[in-house]
1. Please give the number of the condition S85 fails out of (1) without any contact (Cβ under 8 Å) to a residue 24 or more places away in the chain; (2) within 17 Å of S1 (Cα to Cα); (3) touching a Leu at 6+ places or on another chain (Cβ under 8 Å).
2. If T79 meets every condition in (1) β-branched (V, I, T); (2) assigned to a helix (DSSP H, G or I); (3) surrounded by fewer than 18 Cβ atoms within 10 Å (Cβ to Cβ) apart from one, which number is that one?
3. Scan segment 23-43 residue by residue and report those that are exposed (fewer than 10 other Cβ atoms within 10 Å of the Cβ) and over 28 Å from D92 (Cβ atoms).
4. Could you figure out which of (1) surrounded by 13 or more Cβ atoms within 10 Å (Cβ to Cβ); (2) part of a helix (DSSP H, G or I); (3) modelled with pLDDT under 90 isn't true of E52?
5. Given the conditions (1) at pLDDT below 55; (2) under 30 Å from the mean Cα position of the chain (by Cα), and given that T125 satisfies all but one, which numbered condition is not satisfied?
6. Tally the residues that are within 16 Å of T64 (Cβ to Cβ) and either in contact (Cβ under 8 Å) with a residue 60 or more places away in the chain or part of a strand (DSSP E or B) (or both), restricting the search to segment 1-32.
Amino acid sequence: SWLDELRDLTLRMPSSRDLTVQRFSASASRDGGANVSFGGVAQAPEFVSEMEDNLRDKHHLPRTPGLRERQNGDQTVWTFQTSMSITARKPDEYIRHLPQSETQPTAAEPDQGAETSEVSETDETSDKP
């Protein structure tokens with residue numbers, strides 16, 4: 001869904017101290033995915049590269065053709081415009097935001113089940129009425 005995708009994109013972005021998205025637009029594509037365009041300001045060119053690296057995977061293909069250096073008062077900032085195609089995903093593929101315990105079983109989970117079984121066996125063999 002759009003909300004899952006927006007959350008995923010947000011989690012992949014650098015800190016807002018380093019890069020700020022000021023404009024964002026998205027439209028559905030014919031294949032069920034989306035075409036996204038956004039632009040903003042970065043404190044250094046490296047943060048735009050970091051953003052692209054964080055976003056790029058088998059579902060996201062970001063392209064930022066150029067950066068422009070700009071004076072913002074006494075500070076130099078870099079403006080950027082990025083376009084990206086996004087392929088459709090199933091809802092259960094949006095797991096990046098979930099805690100590790102919800103995305104993969106941990107070694108503790110089987111032990112918890114074993115403890116429960118032991119308690120049940122003890123209760124079943126009890127002489128209490």
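1. So S85 meets the others, but not (1).
2. Every listed condition holds for T79 apart from (2).
3. R23
4. Of (1) surrounded by 13 or more Cβ atoms within 10 Å (Cβ to Cβ); (2) part of a helix (DSSP H, G or I); (3) modelled with pLDDT under 90, only one is false for E52: (3).
5. That leaves (2) as the condition not met.
6. Number of matching residues: 8.
The values are calculated or read from the model by the stated rules, or taken from the named source; none is laboratory data. None of the values given here were measured: they were computed from a predicted structure. Reconstructed Cβ throughout: ideal geometry from the backbone, glycine too, with neighbour counts over all protein chains shown.
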